[in-house]
């Protein structure tokens, strides 16, 4: 940062403690960095490195269990390390604001979006109702939301994920704070929506001269946004520098490891066995929902239409597309978590699309699914052993056999057998996802569906889980359906690729051909939106 650029945030020697009995004494240790006006500083590091703890400490949102034990946090020359609750309340939204990762949980579900933006103005200004209304509509227009009058009257659940995130940005910037903290604000968004949100943030940040502390595990986003990058490892700041210094000429071994784990968009042709058994085939698969009613006119929403897919043993078929394209709907139809409206789902020779529940039950174990969020996928009240053995025992396996299989599968996913007696909260996110994979394999399925199974993981853990899935697929000769919005991940794991848009498959073929020479206009636009697409990680440009 140039000396001529005023500093809006200075963190000096920040040390934050952890409760006794943890794996380390401090959440962050002696961390120092600055954010200048108009500058974007990206904080990167694995889960547990202390990124979000630092963000919450700046905002004064740390729980009492995480005390600040040393150092200073200075906002525009004012030391706020030990500021009172009243003073912090005055500073929030006026001089510093925060955008959280999941807008659906950050926004109040029983207040309209307009009222939530207006609340910021009511609490921090003396503007009249009419003046506030004008300001709300103006900021909604500035974040490029369509039909501002409708948007401000809508509730969060009536908007898309990208629109909800724009509401969060509007709330954060409506009073033009000098510091904006963004904690993983685009992690759950597909690449095109993510690109739109990032471009919007850049425009607004530049227009208002806001300093931004941006927390992310997506190095493509870092390559697009950052002026400077700070790398955290287990609470220690191991490297700080310009974007090109850190991403292309990293000095610290940990930084080199992180960058080495970033998947590339380049893919190679994979040898496919055309004689391999077809495990799954869908023909004209369709799912239609009815929307509206009561006071509104009912309408049909075609979530999936005429979807034809085929997966053979030992092969991985990827499905990519924007949110709402129908990817997860197709997966849920195949697993029969939702009932298809039409078409066929052939599991081997058995058409399960319309099969009644009593006949379907014996076939369910042949298809298993790993969901995106391992936190919600495991019952917090049941031990890992109970969670893993429940399915096989329901299908007649004895308890001793189920326990033996569980211990063997824990070894397969590189987890210790001692995990059997522990609860989900005692594991990291990556470990929980490994447990979810092991639980799915307990049923000895023919088809494994991974629905955004690595999107919430940081790059190093993501690389480990992807490698694990690849090894399991090869060892067990599984067919795999891999659903993702991360094109870098798809390029690394998929043999075949299906691109979905508005419920239809618009392009289908070998992954290296689709990535190398996309034919459909939508596919080309999707690939062009991938953040950091042309950035040379780990090598001087």
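The values are calculated or read from the model by the stated rules, or taken from the named source; none is laboratory data. No experiment lies behind these values; they were computed from the predicted model shown. Here Cβ is always computed from backbone atoms with ideal geometry, including for glycine, and neighbour counts include all displayed protein chains.
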_For the range 84-101, check the following and say yes or no: at least one residue is under 23 Å from residue 214 (Cβ atoms), without any contact (Cβ under 8 Å) to a residue 60 or more places away in the chain and not in a helix (DSSP H, G or I)._
yes
_Spans of strands (runs of 3 or more DSSP E) in the range 1-57 with at least 1 residues farther than 24 Å from residue 223 by Cα, in contact (Cβ under 8 Å) with a residue 24 or more places away in the chain and in the same structural domain as residue 73 (by TED's automatic domain parsing)_ = 7-17, 26-36
*Among the residues of the range 72-82, is there at least one that is outside any helix (DSSP H, G or I), crowded, with 21+ Cβ neighbours inside 10 Å and touching a helix residue (DSSP H, G or I) at 6+ places or on another chain (Cβ under 6 Å)?*
yes
*Do you know which residues across the range 39-56 are farther than 17 Å from residue 24 by Cβ, in contact with a strand residue (DSSP E or B) (Cβ under 7 Å, 6 or more places away or on another chain) and surrounded by fewer than 24 Cβ atoms within 10 Å (Cβ to Cβ)?*
39, 41, 55
*Which condition number in (1) touching a helix residue (DSSP H, G or I) at 6+ places or on another chain (Cβ under 9 Å); (2) in the same structural domain as residue 35 (by TED's automatic domain parsing) is the one that residue 237 fails?*
(1)
*Somewhere in the range 93-104, is a residue over 23 Å from the mean Cα position of the chain (by Cα), within 17 Å of residue 14 (Cβ to Cβ) and surrounded by fewer than 19 Cβ atoms within 10 Å (Cβ to Cβ)?*
no
*Taking only the range 240-252 into account, find how many residues are in contact with a strand residue (DSSP E or B) (Cβ under 9 Å, 6 or more places away or on another chain) and either exposed (fewer than 14 other Cβ atoms within 10 Å of the Cβ) or not in a strand (DSSP E or B) (or both).*
8
*asked:* I'm told residue 402 meets every condition in (1) in a helix (DSSP H, G or I); (2) exposed (fewer than 14 other Cβ atoms within 10 Å of the Cβ); (3) touching a helix residue (DSSP H, G or I) at 6+ places or on another chain (Cβ under 9 Å) except one. Can you identify the failing condition by its number?
replied: (2)
_So, restricting to helices (runs of 4 or more DSSP H) that lie completely within the range 107-222, which ones have at least 3 residues that are without any contact (Cβ under 8 Å) to a residue 40 or more places away in the chain and either touching a strand residue (DSSP E or B) at 6+ places or on another chain (Cβ under 8 Å) or surrounded by fewer than 23 Cβ atoms within 10 Å (Cβ to Cβ) (or both)?_
113-124, 129-142, 148-152, 191-208
